[in-house]
1. Just one of [x] 6.9; [y] 10.7; [z] 8.1 is mean projected area of the Cα convex hull in nm² calculated from these coordinates, so which is it?
2. Provide the per residue accessible area, probe 1.4 Å, for the chain, rounded to a whole number of square angstrom.
3. Can you give me the % of accessible surface on the chain that is carbon or sulfur? Probe 1.4 Å, all protein chains present, nothing else counted.
4. For the chain, give the magnitude of the charge dipole about the Cα centre (Cβ charges: +1 Lys/Arg, -1 Asp/Glu; no others), in debye to the nearest 20.
5. Taking springs between alpha-carbon atoms closer than 10 angstrom, which of Gly42, Gly85, Gly55 fluctuates most in the Gaussian network model of the chain?
Amino acid sequence: MACTYKEHPDTKIAEIIVDGDVTEEEFDAIAPKLEAFIQAHGRIKILEVIKNFTGFDWTMIPKGIAFDFEHLKDFSHCAVVTDSGWIGPFTRAAAPFFSVQIRTFSLAQQDMAWQWLVSEEG
């Protein structure tokens with residue numbers, strides 16, 4: 001399993017860790033949990049740690065896009081933690097087009113990403 005999902009209710013942070021290929025089955029397992037977390041806590045924050053991203057199942061693209069657009073206003077902050085060469089620049093380029101506050105961090109800065117999310121009002 002390439003994706004791990006954790007909830008931190010006391011800080012309203014959902015954590016997704018990616019290490020490998022992301023499959024449609026993993027998306028289908030995580031999405032309902034994330035929706036339930038949003039229902040329980042309102043606007044939440046996301047910590048996405050991408051240790052090793054080797055690709056994804058192309059069949060999940062329509063589901064992923066639909067999920068993102070349906071829940072875009074449900075996220076106040078997103079910290080993307082990765083050393084993957086293209087993900088950080090891509091995230092920073094896309095950030096101005098979303099109402100979510102997005103910051104990128106290196107894997108060595110994962111604690112800093114966590115502190116940023118905890119300290120920000122959402």
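The values are calculated or read from the model by the stated rules, or taken from the named source; none is laboratory data. Everything numeric in this text was worked out from a predicted model, so none of it was measured. Using ideal geometry, Cβ is built from the backbone for each residue, glycine included, and neighbour counts are taken over all protein chains shown. Side chains are part of the model used for accessible areas, which takes the heavy atoms of the whole protein and leaves out ligands, DNA and RNA. Shrake-Rupley method; radii C 1.70, N 1.55, O 1.52, S 1.80 Å.
1. Identified label for the calculated read-out: [x].
2. For the chain, the per-residue accessible area is 57 Å².
3. The C+S portion of the solvent-accessible surface of the chain is 58 percent.
4. Charge dipole of the chain: 420 debye, to the nearest 20.
5. Comparing Gly42, Gly85, Gly55 in a Gaussian network model of the chain, the most mobile one is Gly85.
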